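Below is one structure, written out as structure tokens; the observations come after it.
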Amino acid sequence: MTGYLVRRLGQAVVVLWAAWTVAWLVLWALPGDAVEVRLGIEANGVTPEQADALRASMGLDQPWPVQYLTGLGRALTGDLGTSWENGRPVTALLAAGLQATLALTALALLLAVVFGAGIALLATGTRYRRLNRALLNLPPLGVAVPGFWLGLILLEVFSFRLSLFPAIGNEGFASLVLPAVTLAVPTSALIAQLLSRSLQDALDQPWADTARAKGARPSRVLLGHALRNAALPALTITGLIVGQLLSGAVVAETVFSRTGLGRLTASAVTAQDTPVVQGIVLFAALVFVVVNLAVDLLYPLLDRRIVPRAAAKASRP
Amino acid sequence: MTLDLELVDRTATAGTATRAPAARSTGRHWGAARSSLRRPGLVLSVLWLAAVLIAAVAPGVFASTDPLRAAPRLKLQPPSWEHPFGTDQLGRDLFSRTVHGTGLSLGSALIAVAVGIVVGSLVGLVAGFVRGPLDSGLMRAMDVLLAIPALLLSLALVTALGFGTVKVAIAVGIASIAACARVMRSEVLRVRESPYIEAARAGGARWFRVLGRHVLPNAAGPVLVLAVMEFGTAVLAVSALSFLGYGAVPPTPEWGSLVSGGRDFLGSAWWLTVMPGLTIVLTVLATGRVSQGGREGRE
């Protein structure tokens with residue numbers, strides 16, 4: 001088990017390093033002079049000397065390998081650089097936005113699991129084929145609705161027409177509801193799709209017949225037997241779901257004018273604030289890696305048939 | 001010799017795939033027509049996509065009014081027979097703007113899918129066919145790309161490349177490479193075990209011939225189904241990036257930026273957000289349905 005843990009941790013670190021490198025390649029090595037873009041040198045009458053001085057202060061006058069290794073070395077010590085826009089450390093900006101986004105995504109995740117599992121259970125458990133079909137038509141709809149549009153529709157209906165929730169801002173639980181629902185819809189669709197399929201698979205297994213033959217009621221077979229078995233495959237997409245919520249927060253926080261990591265992302269991209277964008281990409285990869293690691297470590301505890309060594313292979317997506 | 005090989009190839013394909021023999025093909029066509037009547041959703045989806053494609057190529061067919069002509073007298077009119085989607089704050093016809101925005105939205109999505117499918121398929125094809133360290137190296141790289149949420153990856157690319165519809169489209173496309181590569185690779189792995197590949201190899205065909213003439217055509221089906229689905233995803237991603245302000249520059253109409261333009265009129269002119277948004281929803285729903293139909297058709 002310890003060997004497995006060490007190897008899994010090692011993999012996680014390698015993925016993080018690789019994600020940082022991908023972000024570095026995209027943001028620093030793609031053609032385009034960041035300094036020129038940011039200053040509009042010709043337009044603002046900045047002399048070439050001043051531009052060179054600025055480049056030197058950003059470390060952009062160094063050759064590529066030096067830039068890469070310096071950046072990597074700093075990242076390893078927890079220094080993600082400073083924002084080009086306001087000079088504050090990227091880690092401080094991330095920390096400032098973290099709490100608001102964490103509250104938003106946590107509520108969204110809760111709603112998504114409740115809605116998604118509810119739809120899947122109801123669709124699988126119902127005796128009425130019409131209800132089953134109607135419910136199974138919901139997930140494709142949920143996936144097709146653009147998040148920004150759904151947010152605006154919710155604003156229109158619940159803030160402007162019915163005045164039930166505040167339209168913008170971070171204050172209080174009420175301001176959290178609409179953005180969380182906006183975020184939850186595509187995720188719940190994903191959960192409902194996956195769970196209804198694996199519930200059906202579980203009910204087709206011989207042990208479900210056995211349970212029924214022994215006189216268990218359909219609801220007991222569904223909730224007591226099938227759900228437990230179907231929930232495990234759903235766990236494997238947790239990393240994907242958290243990533244989806246994080247990127248959804250970019251849109252949701254913009255629509256509802258909330259502060260947080262999503263809003264930070266949107267404004268950093270608008271200002272082409274490279275260090276901040278790179279910090280956010282690294283943060284997203286970190287979350288993905290940690291969640292997947294946690295799922296992999298939990299899996300053998302939830303399903304005793306899986307021994308860690310086998311889990312290492314099976315969990316590879 | 002090559003002729004023989006192709007014969008072997010054909011028969012092997014017919015044997016492995018559950019395709020009806022050629023003699024019954026007319027019967028199959030009738031069957032397809034009958035079964036499509038039983039699936040009105042699929043028919044409607046195909047019709048909608050056809051209409052949207054026409055709007056993209058020749059917007060004049062549906063909307064004769066100029067999407068950029070302002071008419072201050074007619075500003076913020078709710079939907080009516082004359083203006084089915086209503087008018088905006090400058091009195092421009094929103095229906096015409098949505099129709100004329102189709103080309104830009106679909107064009108960007110098409111570029112995105114083309115980038116994703118072409119590069120992704122190439123990576124998947126090479127990885128699945130060559131195997132060995134190159135395969136595992138490529139696929140680990142794809143795993144890393146998947147560790148970064150697609151929207152954030154395309155946002156990073158937009159930061160580096162700059163703003164504009166084409167750049168946004170390329171960024172969305174690059175972010176979808178990894179998913180396409182994985183589907184292609186698994187298809188290639190499935191196909192390369194088939195008897196007809198063995199026959200082609202035993203017959204002495206060179207590897208690139210086997211790859212191009214036998215592996216690729218047989219692995220392409222699921223990738224095409226994926227391409228249709230990715231198209232819907234790309235429409236969503238491109239419009240989200242436009243909504244955030246990185247894509248089309250106003251006054252050029254584009255679906256995402258049209259919705260964004262309606263943001264300032266929430267509570268007073270609902271049609272400015274609802275109508276272009278509904279167009280996006282219906283288009284993405286239709287591509288999803290068609291791709292599902294394609295999947296069912298293959299099974």
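Within the stretch B:239-250, is there a residue that is aliphatic (A, V, I, L, M) and either at pLDDT below 90 or more than 30 Å from residue A:267 (Cα to Cα) (or both)? Checking the stretch B:239-250: at least one residue is aliphatic (A, V, I, L, M) and either at pLDDT below 90 or more than 30 Å from residue A:267 (Cα to Cα) (or both). Open to solvent by less than 60 Å² (accessible area, probe 1.4 Å) and touching a residue at least 60 places away in the same chain (Cβ under 8 Å): does that describe residue A:116? Yes; evaluated as a whole, the condition is true for this residue. With respect to the stated conditions, residue A:198 is in a helix (DSSP H, G or I) and among the hydroxyl-bearing types (Ser, Thr, Tyr).
Just one of the numbered conditions (1) under 17 Å from residue B:254 (Cα atoms); (2) in contact (Cβ under 8 Å) with a residue 12 or more places away in the chain is not true of residue B:44: (1). Residues in the stretch A:49-69 that are surrounded by 11 or more Cβ atoms within 10 Å (Cβ to Cβ) and among the polar types (S, T, N, Q) were compared, and the one that is nearest to the chain's Cα centre (by Cα) is A:67.
Looking at this structure, is residue A:209 under 28 Å from residue A:131 (Cα atoms) and more than 29 Å from the chain's Cα centre (by Cα)? Considered against the rule, which asks whether it is under 28 Å from residue A:131 (Cα atoms) and more than 29 Å from the chain's Cα centre (by Cα), residue A:209 comes out as yes.
Considering only the stretch B:161-168, I want to know if a residue exists there that is open to solvent by 40 Å² or more (accessible area, probe 1.4 Å), more than 28 Å from residue B:216 (Cα to Cα) and at the interface with chain A (Cβ under 10 Å from one of its Cβ atoms). Yes, the stretch B:161-168 has at least one match. Of the residues B:86, B:91, B:60, the single one that is of a type in the set (Gly, Ala, Ser), at positive phi and out of contact with any Asp or Glu (no Cβ under 9 Å at 6 or more places or on another chain) is B:91.
Any residue that is crowded, with 22+ Cβ neighbours inside 10 Å and outside any helix (DSSP H, G or I) - is there at least one of those in the stretch B:93-108? Yes, the stretch B:93-108 has at least one match. Of the residues screened, residue A:220 is one that is under 30 Å from residue A:124 (Cα atoms) and open to solvent by 40 Å² or more (accessible area, probe 1.4 Å). Only a single criterion out of (1) part of a helix (DSSP H, G or I); (2) of a type in the set (Gly, Ala, Ser); (3) closer than 19 Å to residue A:262 by Cα; (4) modelled with pLDDT under 90 is not satisfied by residue A:151, namely (4). In the stretch A:1-55, the residue that is modelled with the highest pLDDT out of those that are in contact with an Asp or Glu (Cβ under 8 Å, 6 or more places away or on another chain) and more than 9 Å from chain B (Cβ to nearest Cβ) is A:8. Among the conditions (1) assigned to a helix (DSSP H, G or I); (2) over 18 Å from residue A:106 (Cα atoms), the only one that residue A:216 does not satisfy is (1). Here is the figure for the stretch A:153-186: residues that are under 24 Å from residue A:244 (Cα atoms) and hydroxyl-bearing (Ser, Thr, Tyr) total 2.
Checked across the stretch B:64-72, the condition of being among the acidic types (Asp, Glu) and either without any contact (Cβ under 8 Å) to a residue 12 or more places away in the chain or open to solvent by 30 Å² or more (accessible area, probe 1.4 Å) (or both) holds for at least one residue. Inspection of the stretch B:285-299 identifies no residue that is crowded, with 24+ Cβ neighbours inside 10 Å and closer than 27 Å to residue A:161 by Cβ.
A quick yes/no check of all residues on (1) surrounded by fewer than 20 Cβ atoms within 10 Å (Cβ to Cβ); (2) within 7 Å of chain B (Cβ to nearest Cβ); (3) farther than 26 Å from residue A:150 by Cα:
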| site | (1), (2), (3) |
| --- | --- |
| A:235 | yes, no, yes |
| A:245 | no, no, no |
| A:259 | yes, no, no |
| A:265 | no, yes, no |
| A:269 | no, yes, no |
| A:286 | yes, no, yes |
| A:294 | yes, no, yes |
| A:297 | yes, no, yes |
| A:301 | yes, no, yes |
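Scanning the stretch A:271-284 for residues that are more than 7 Å from chain B (Cβ to nearest Cβ) and either closer than 13 Å to residue A:20 by Cα or of a type in the set (A, V, I, L, M, F, W, C) (or both), which turns out nearest to the chain's Cα centre (by Cα)? Spell out how you get there, then give the answer.
So the first thing to find is which residues in the stretch A:271-284 are more than 7 Å from chain B (Cβ to nearest Cβ), and the list is A:271, A:273, A:275-276, A:278-279, A:282-283.
Narrowing the set further to residues that are either closer than 13 Å to residue A:20 by Cα or of a type in the set (A, V, I, L, M, F, W, C) (or both) leaves A:271, A:275-276, A:278-279, A:282-283.
Numbers: A:271: 23, A:275: 20, A:276: 18, A:278: 16, A:279: 15, A:282: 12, A:283: 10 Å.
Among residues in the stretch A:271-284 that are more than 7 Å from chain B (Cβ to nearest Cβ) and either closer than 13 Å to residue A:20 by Cα or of a type in the set (A, V, I, L, M, F, W, C) (or both), the one nearest to the chain's Cα centre (by Cα) is A:283.
When the criteria are applied in full, residue A:178 meets the requirement of being in the same structural domain as residue A:97 (by TED's automatic domain parsing) and either modelled with pLDDT of 90 or more or touching a Ser or Thr at 6+ places or on another chain (Cβ under 9 Å) (or both). Across the stretch A:166-182, the qualifying residues are those that are assigned to a loop (DSSP other than H, G, I, E, B) and among the small types (Gly, Ala, Ser), and the one among them that is nearest to residue A:106 (Cα to Cα) is A:172. Among the residues of the stretch A:157-180, what is the count of those that are within 13 Å of chain B (Cβ to nearest Cβ) and either surrounded by 22 or more Cβ atoms within 10 Å (Cβ to Cβ) or in contact (Cβ under 8 Å) with a residue 40 or more places away in the chain (or both)? Within the stretch A:157-180, residues that are within 13 Å of chain B (Cβ to nearest Cβ) and either surrounded by 22 or more Cβ atoms within 10 Å (Cβ to Cβ) or in contact (Cβ under 8 Å) with a residue 40 or more places away in the chain (or both) number 3. Checking B:144, B:158, B:113 one by one, the residue that is assigned to a helix (DSSP H, G or I) and more than 10 Å from chain A (Cβ to nearest Cβ) is B:113 and no other.
Does residue A:121 satisfy the condition of being assigned to a helix (DSSP H, G or I), crowded, with 18+ Cβ neighbours inside 10 Å and either on the phi < 0 side of the Ramachandran plot or more than 14 Å from chain B (Cβ to nearest Cβ) (or both)? For residue A:121, the condition - assigned to a helix (DSSP H, G or I), crowded, with 18+ Cβ neighbours inside 10 Å and either on the phi < 0 side of the Ramachandran plot or more than 14 Å from chain B (Cβ to nearest Cβ) (or both) - is met.
Looking at A:152, A:183, A:203, just one residue is open to solvent by 20 Å² or more (accessible area, probe 1.4 Å) and either out of contact with any Phe, Trp or Tyr (no Cβ under 9 Å at 6 or more places or on another chain) or within 12 Å of another protein chain (Cβ to nearest Cβ) (or both), and that residue is A:203.
The criterion of being open to solvent by less than 30 Å² (accessible area, probe 1.4 Å) and not acidic (Asp, Glu) holds for residue B:116.
Which of the residues belonging to the stretch A:124-139 are within 11 Å of chain B (Cβ to nearest Cβ) and open to solvent by 50 Å² or more (accessible area, probe 1.4 Å)? Correct list: A:133, A:137. Of note, residue A:72 does not satisfy the criterion of being at pLDDT 85 or above and open to solvent by 50 Å² or more (accessible area, probe 1.4 Å).
Counted as qualifying within the stretch B:193-299 are the helices (runs of 4 or more DSSP H) with 1 or more residues that are at the interface with chain A (Cβ under 9 Å from one of its Cβ atoms) and in contact with a Ser or Thr (Cβ under 7 Å, 6 or more places away or on another chain), namely B:216-243, B:255-261, B:271-298.
The values are calculated or read from the model by the stated rules, or taken from the named source; none is laboratory data. On a predicted model such as this, the values are computed, not experimentally measured, just so you know. For neighbour counting, all protein chains shown are included, and Cβ atoms are generated from backbone atoms with ideal geometry for every residue, glycine included. Heads up: the accessible areas ignore ligands, DNA and RNA and are worked out on the full protein's heavy atoms, side chains in. Shrake-Rupley method; radii C 1.70, N 1.55, O 1.52, S 1.80 Å.
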